[in-house]
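Just dropping this structure here.
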Amino acid sequence: MDELPKTDGDKIAIIGLGYVGLPLAVEFGKYFATKGFDVNQNRISELMDGTDSTLEVSDEELAASAGLTFTTNPEDLADCTVFVVTVPTPIDQNNQPDLSPLKVASSTVGGVMKSGAVVVYESTVYPGTTEDTCVPILEQQSGLKYNVDFFVGYSPERINPGDQKHRLPDIVKVTSGSTPETAEIVDALYQTIIRAGTHKASSIRVAEAAKVIENTQRDLNIALINELAVIFARLGIDTVEVLEAAGTKWNFLPFRPGLVGGHCIGVDPYYLTHKALQVGYHPEVILAGRRLNDNMGVHIAGRVVKLMTQKRIHVVNSRVLVLGLTFKENCPDMRNTRVIDVVNELNAYHAQVDVFDPWVKSSDARENLGMETVDQLEEGVYDAIILAVAHDQFREMGIENIRRLGRDQHVLFDVKAVFERGLVDDRL
């Protein structure tokens, strides 16, 4: 059996340089010769120019990562001993796991890795994916034998886009390996860059399962609060006031209602339910939570239309402004944003909907979502305004400036409860 590589002197390849891969590459680049690989030439070009369009890493942090270089050529990775795969794992239009990016990445790594390599996966998957799906591809492409010539680890990502407080080095990292010795090596590797420490799981499958339930738990908790918001709306009770009152109890969990999007919470539960169905169990609670959260855009649009009708504002051909398009506040990430559900539902009522988001480039919205956004705000032209994302810019605008965007008679609906109840017409 080939001798396992030691962390000292390793050359590390990061496969995929998005919200997860780039911060990882920057941290590893402080201690190791690190090569960041991505198939997107535009992404590589901007990083080589010292800029990160996702805003997860500053120009200064990029420059300070002395060991980090970038490439789109897989052959440049041939001298690496450790490969870390951080590609997306989305779902398709039928809410089924789409493992194609993971398979392509595994094929790329398998084509260049040498005997003794360690391949670590960070992408969110269902239990068993790493060993049942990725390892056979690595073997086929490399001609090497698993746990004899190469070894595998799994260390799930925990990046929170736009969060400048909980950054990669300050979040405990779960680690695992295909053999006890590999687990030790993977754990030691991450301990180099993770100040918060690591948690070594007993197996890859345990680590995979731990990741997929993190966001499933959050999804279900938010689904409960969203269902309460639907109920309280019919009872004429303000949900936020109820939650604030209940929150005075020490063990009440501080979840808030809202649109559940992004690449994690709105996606990961489908990976777990997919695997559950494969082993003959039909999950009920998880899928119920998903249905609830996926329907919140329609619920919000319906409440806005009802408010407009109550004010005798004609919905057909009305002008509606949606403030915010990203899946969460203070970041440019539009992946799986559920704001688009609100827009689509209002379009079905034949309203004319404008979307404004200071964090989003019009070209990016067009390319990624196939929708147009406005770059400037007009005063006094909108029949309804929906504050969909709690960007700091909207808070700083203040209620008076936001109100000025509407006609004399208009509706203001606050999805994220940015403003006090008495200042808006309604909130979620």
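With a 1.4 Å probe and every protein chain kept in, tell me what percent of the accessible surface of the chain is carbon plus sulfur. Each step should come with its number before you reach the end.
Numbers: 9610 of 19160 Å².
The C+S portion of the solvent-accessible surface of the chain is 50 percent.
Hey, got the dipole for region 266-331? About the Cα centre, +1 on K and R Cβ, -1 on D and E Cβ, debye to the nearest 20?
Numbers: 9 positive and 4 negative charges, 90 e Å.
Computed about the Cα centre, the dipole is about 440 debye.
Placing +1 on the Cβ of each Lys and Arg and -1 on the Cβ of each Asp and Glu in region 265-332, which of Leu323, Val305, Leu292 has its Cα farthest towards the positive end of the resulting dipole?
It is Val305, whose Cα lies furthest towards the positive end.
Now for a different question. Can you give the calculated 222 nm mean residue ellipticity of the chain, where each DSSP H run of n ≥ 4 adds -39,500 (n - 2.57) and the sum is split over every residue, rounded to the nearest 500 deg cm²/dmol?
Numbers: 14 runs with 161 residues, N = 428.
Taking each H run of at least 4 residues, the total per residue is -11500 deg cm²/dmol.
How high is the FRET efficiency between Asp76 and Glu378 when r is their beta carbon distance and R₀ equals 41 Å, given to the nearest 0.05?
Working: r = 50 Å, r/R0 = 1.21.
Working from the Cβ atoms, E equals 0.25.
Taking the Cα centre of each part, how many Å lie between region 69-108 and region 169-244?
23
Sort region 1-119 into rounded, prolate or oblate with this rule: let a ≥ b ≥ c be the square roots of the eigenvalues of the Cα gyration tensor; rounded if a/c is under 1.5, and if a/c is not under 1.5, prolate when a/b is larger than b/c, oblate otherwise. Present the calculation step by step, with values, prior to reporting the outcome.
Numbers: a/c = 1.89, a/b = 1.03, b/c = 1.84.
It is oblate, given that a/c is not under 1.5 and a/b is not larger than b/c.
Here's a follow-up. Let me test this: with uniform point scatterers at the alpha carbons of region 53-196, what is the Debye-based log₁₀ I(q)/I(0) at q = 0.11, 0.12, 0.15, 0.18 1/Å?
With no solvent term, the Cα-only Debye profile gives -0.46, -0.55, -0.86, -1.22.
Using 7 Å Cα-to-Cβ label points, what is the Arg312/Lys114 separation (nm, one decimal)?
Calculated label separation equals 8.1 nm.
Here is a follow-up. Starting from the Cα of Ser363, step 7 Å along the direction of its Cβ; do the same at Trp250; then give the gap between the two resulting points in nm.
Rounded to a tenth, the inter-label distance reads 5.6 nm.
Over the chain, with a Gaussian network built from C-alpha contacts below 10 Å, which listed residue (Val279, Val267, Val109) shows the highest mean-square fluctuation?
Sorting by GNM fluctuation, first place goes to Val279.
Only helices at least 15 Å long along their axis, Cα-based, and averaging -0.5 or more on Kyte-Doolittle count here, so list those DSSP H runs from the chain. The partial results should precede the final answer.
Values: long enough: 100-112 (19 Å, 0.68); 180-191 (16 Å, -0.12); 204-235 (47 Å, 0.56); 268-278 (16 Å, -0.87); 296-310 (21 Å, 0.66); 392-403 (17 Å, -1.10).
Correct list, ordered by number: 100-112, 180-191, 204-235, 296-310.
Please say if region 151-255 is rounded, prolate or oblate, where rounded means a/c under 1.5 for a ≥ b ≥ c the square roots of the C-alpha gyration tensor eigenvalues, and otherwise the choice is prolate for a/b larger than b/c and oblate otherwise?
Values: a/c = 3.63, a/b = 2.51, b/c = 1.45.
Because a/c hits 1.5 or more and a/b exceeds b/c, region 151-255 counts as prolate.
Sticking with this structure for a sec: With a Cα-only, solvent-free Debye model of region 311-428, what are the log10 I(q)/I(0) values at q = 0.12 Å⁻¹?
For region 311-428, the Cα-only Debye profile gives -0.38.
On to the next question. For the chain, what is the accessible area per residue in Å², given a 1.4 Å probe and the full set of protein chains? Numbers along the way, then the final one.
On the way: 19160 Å² over 428 residues.
About 45 Å² of surface per residue is accessible.
Here's a follow-up. Rounded to the nearest 5, what % of DSSP beta bridges with both residues in the chain are antiparallel? Walk me through the numbers on the way to the answer.
Numbers: 2 of 43 bridges.
Antiparallel: roughly 5 percent of the beta bridges in the chain.
Give me the extension gain from Leu235 to Glu284: residue separation times 0.36 nm, minus the current Cα-Cα distance, reported in nm with one decimal. List each step's numbers first, then the result.
Working: separation 49, 0.36 × 49 = 17.64 nm, distance 2.72 nm.
My answer for the length gained is 14.9 nm.
In addition: Could you tell me whether region 234-371 comes out rounded, prolate or oblate from its Cα gyration tensor? Rule is a ≥ b ≥ c as square roots of the eigenvalues, rounded for a/c under 1.5, then prolate if a/b exceeds b/c, otherwise oblate.
Numbers: a/c = 1.68, a/b = 1.23, b/c = 1.36.
Judged from the Cα gyration tensor, region 234-371 comes out oblate (a/c at least 1.5, b/c at or above a/b).
Have a look at Ile222, Val212, Val240 and report the one farthest towards the positive end of the charge dipole of the chain, computed about the Cα centre with Cβ charges (Lys/Arg +1, Asp/Glu -1).
Val240
Can you compute the charge dipole magnitude of region 219-265 about its Cα centre, using +1 on each Lys and Arg Cβ and -1 on each Asp and Glu Cβ, nothing else charged? Give it in debye, rounded to the nearest 20.
Details: 3 positive and 5 negative charges, 10 e Å.
Approximately 40 debye in magnitude.
Where the only charges are on Cβ atoms (+1 Lys, Arg; -1 Asp, Glu), what is the dipole of region 171-291 about its Cα centre, to the nearest 20 debye?
Values: 12 positive and 12 negative charges, 13 e Å.
For this selection, approximately 60 debye.
The values are calculated or read from the model by the stated rules, or taken from the named source; none is laboratory data. Because the structure is a prediction, the values reported are computed rather than measured. Positions of Cβ are backbone-derived with ideal geometry, glycine not excepted, and every protein chain shown enters the neighbour counts. Each accessible area value is taken on the protein alone, full model and side chains, heavy atoms only, with ligands, DNA and RNA left out. Shrake-Rupley method; radii C 1.70, N 1.55, O 1.52, S 1.80 Å.
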